[in-house]
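The values are calculated or read from the model by the stated rules, or taken from the named source; none is laboratory data. Small disclaimer: the values here were computed from a predicted structure and weren't measured. Glycine gets a Cβ as well: all are built from the backbone with ideal geometry, and neighbour counts include every protein chain shown.
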Amino acid sequence: MNFPVVIRLGSFELPAHLLFESLGYLVAYLLYRRQRQLTGDVVDAAVRRWLTAAALAGGLIGARLLHLLEDPSLALRSWVDPMFLASGKTIVGGLIGGLIAVELTKKRFGVTVATGDLLAVPLCAGIAIGRVGCFLSGLSDGTHGVETSMPWGVNFGDGLSRHPTQLYEVAFVLVLAGVLVARRRRLAAVTGDAFKLFMVGYLGFRFAVDFLKPGADVGWLGALQWACLATLAYYVPHVRRLASEVSGG
């Protein structure tokens, strides 16, 4: 396979990354809408619109900000380059930024109930599909792993056999989605637990898998890993209950 993969339809060329990223957004939205129709919502439609807008705005800001913090020296050198400032994002930053924005908006409207459960499985599906596009984009996406001698290593075009960390992520979020579906009744006992389990599982995975990726460090961890740890600390009071719900205890 030659990277980056480009889909050709006659004279028209479409980067596989763009196709799968767009498909990921679409599938996540359709799953969310279907789940909301089946189970209802814990807030009314007007409040949900405000929360959705907050999640999108916070997610966009968080995704860009954490991407810049991953390599502060590069960001400082390139701060006058509009192409650099407009490109690059990270899912972890988007999730954290969206979480902060939603929580602030909930306080504004006096919403005390957890509102993220409808998003847990759709997010898993969207991330899985989007990461296929990241894999097909090769080195240009910056989500590849470091060199490995494992037999499943992938040559993305630089002659090195690298960890296909994008595919590791696809596998993990699909398993996580399976757990969320299999344990949906137990998780439904406490509103918000499905989303909490998603966040704890995904951020824990990202903290671990980023040791297999190249990048600039802040201290002995990358900026993304510090962000994961900070958010995981926020969920510490819920971890024991979530583990019990998953294990069936």
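Quick notes on this one:
- Remark: pairs (first residue in region 46-73, among the charged types (D, E, K, R); second residue surrounded by fewer than 16 Cβ atoms within 10 Å (Cβ to Cβ) and assigned to a helix (DSSP H, G or I); Cβ separation under 9 Å; 6+ apart in sequence or on different chains) = R48/R36; R64/L85; R64/A86.
- Number of residues in region 35-46 that are assigned to a helix (DSSP H, G or I) and surrounded by 12 or more Cβ atoms within 10 Å (Cβ to Cβ): the value is 3.
- Candidates are the residues of region 89-110 that are surrounded by fewer than 19 Cβ atoms within 10 Å (Cβ to Cβ) and out of contact with any Lys or Arg (no Cβ under 7 Å at 6 or more places or on another chain); the one that is farthest from L56 (Cα to Cα) is G110.
- One residue alone among I129, I96, I100 is of a type in the set (A, V, I, L, M), within 22 Å of Y29 (Cβ to Cβ) and in the same structural domain as G215 (by TED's automatic domain parsing), and that residue is I129.
- Listed by first and then second residue, the pairs linking a residue in region 1-27 that is closer than 25 Å to S161 by Cα and without any contact (Cβ under 8 Å) to a residue 60 or more places away in the chain to a residue that is exposed (fewer than 10 other Cβ atoms within 10 Å of the Cβ) and polar (S, T, N, Q), with Cβ atoms under 6 Å apart and 6 or more places separating them unless they lie on different chains, form an empty list.
- A single entry from D44, D71 fulfils the requirement of being of a type in the set (D, E, K, R) and more than 30 Å from W220 (Cα to Cα): D44.
- If you filter region 147-177 down to residues that are of a type in the set (A, V, I, L, M) and under 22 Å from the mean Cα position of the chain (by Cα), you find that the one that is nearest to A128 (Cα to Cα) is V170.
- Residues that are surrounded by 18 or more Cβ atoms within 10 Å (Cβ to Cβ) and either over 30 Å from A188 (Cβ atoms) or over 21 Å from the mean Cα position of the chain (by Cα) (or both) are absent from region 49-62.
- Of the helices (runs of 4 or more DSSP H) entirely within region 174-249, those holding at least 1 residues that are under 30 Å from L160 (Cβ atoms) and in the same structural domain as A28 (by TED's automatic domain parsing) occupy 193-209, 223-234.
Yes or no, residue by residue, for (1) within 25 Å of I100 (Cα to Cα); (2) surrounded by 13 or more Cβ atoms within 10 Å (Cβ to Cβ); (3) in contact with a Pro (Cβ under 9 Å, 6 or more places away or on another chain):
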| site | (1), (2), (3) |
| --- | --- |
| D141 | no, yes, yes |
| P151 | no, no, no |
| F156 | no, yes, yes |
| R185 | no, no, no |
| A189 | yes, no, no |
| A208 | yes, yes, no |
| P237 | yes, no, no |
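- Of all the residues in region 17-43, those that are at pLDDT below 95 and among the small types (G, A, S) number 1.
- Here L69 fits the description: of a type in the set (A, V, I, L, M, F, W, C) and either surrounded by 18 or more Cβ atoms within 10 Å (Cβ to Cβ) or closer than 14 Å to T115 by Cα (or both).
- Filtered by the rule that a residue be of a type in the set (K, R) and in contact (Cβ under 8 Å) with a residue 24 or more places away in the chain, region 147-201 gives R183, R186, K196.
- Residues satisfying the stated conditions in region 194-249, i.e. acidic (D, E) and in contact with a Lys or Arg (Cβ under 8 Å, 6 or more places away or on another chain): E245
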